[in-house]
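Undergrad: Can you keep this structure in mind? I'll have questions shortly.
The values are calculated or read from the model by the stated rules, or taken from the named source; none is laboratory data. Predicted model only: the values in this text are computed from it and were never measured. Note: ideal-geometry Cβ built from the backbone for every residue, glycine included; neighbour counts use all protein chains shown. Just so you know, the surface numbers come from the protein's heavy atoms only, side chains and all, with ligands and any DNA or RNA stripped out. Shrake-Rupley method; radii C 1.70, N 1.55, O 1.52, S 1.80 Å.
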Amino acid sequence: MSQQEIYQIAHQLNIQGKTPTVALIKSQLSVAMPLTAIIKGLQQWQRNPKLGETSQPQETAGSALADSQDDSALHLAQQAQQQIQNLQQKLQAMAVEITQLKQEVEALKSER
């Protein structure tokens with residue numbers, strides 16, 4: 001479909017009190033779209049939420065828009081990297097806990 005469907009989905013999620021995300025939008029698309037297109041559409045909607053209310057997307061041009069898109073993409077990449085680091089830390093803590101539990105199980109087995 002078009003960017004307009006992305007805008008409309010983002011608008012509907014917003015109306016429902018949900019924060020539109022790439023994952024939520026992707027899950028509601030009628031046709032699969034590349035992630036880059038979803039990210040671009042979400043970024044455009046975030047800059048102008050009224051896009052979801054109209055039937056025609058409003059195209060804007062210029063270096064300011066390109067800079068804004070670059071900044072948004074960088075921000076999204078930084079957020080993703082932070083989430084990855086958080087998950088890696090949690091995974092590492094869980095691995096330590098599993099090792100400790102295995103040791104406790106072995107100790108209990110040897111007591112019998």
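Undergrad: Give a residue-ordered list of calculated ³J(HN,Hα) values for region 104-110 (Karplus: 6.51 cos²θ - 1.76 cosθ + 1.60, θ = phi - 60°; whole Hz; x for Gly, Pro).
TA: 3J(HN,Hα) across region 104-110, in whole Hz: 5, 4, 4, 5, 5, 5, 6.
Undergrad: Also, quick follow-up: Wrap a convex hull around the Cα atoms of region 71-112, take a quarter of its surface area, and give that in square nanometres.
TA: It is 2.4 nm².
Undergrad: Which ³J(HN,Hα) values, rounded to whole Hz and listed in residue order, are derived for region 38-51 from phi using the Karplus coefficients 6.51, -1.76 and 1.60 in 6.51 cos²θ - 1.76 cosθ + 1.60 with θ = phi - 60°, glycine and proline given as x?
TA: Whole-Hz 3J(HN,Hα) from phi for region 38-51: 5, 4, 4, x, 5, 4, 5, 5, 4, 6, 8, x, 6, 4.
Undergrad: Provide K40, K109 ordered by accessible surface of protein heavy atoms (probe 1.4 Å), highest first.
TA: K109, K40
Undergrad: Next up: What nm value, rounded to one decimal, do you get for the distance between Q46 and N14 when each label is placed 7 Å out toward the C-beta?
TA: 1.2
Undergrad: Measure of size requested: the Rg and Dmax of region 14-53, with Cα atoms as the atom set and Å as the unit; please supply both.
TA: 9.9, 26
Undergrad: Still on this structure: What are the ³J(HN,Hα) values, in whole Hz, obtained from phi via the Karplus relation 6.51 cos²θ - 1.76 cosθ + 1.60 with θ = phi - 60°, for each residue of region 9-22 in sequence order, with x given for Gly and Pro?
TA: 5, 4, 4, 5, 4, 4, 4, 6, x, 9, 7, x, 10, 4
Undergrad: Another question, then. Express in nm, to one decimal, how much length is gained between N86 and D71 on full extension, taking 0.36 nm for each residue of separation and deducting their alpha carbon distance.
TA: Computed gain between N86 and D71 is 3.2 nm.
Undergrad: Now, a different point. State, to one decimal in nm, how far the label point of R112 lies from the label point of Q28, with both points 7 Å from Cα in the Cβ direction.
TA: With each label placed 7 Å out from Cα toward Cβ, I get 5.3 nm.
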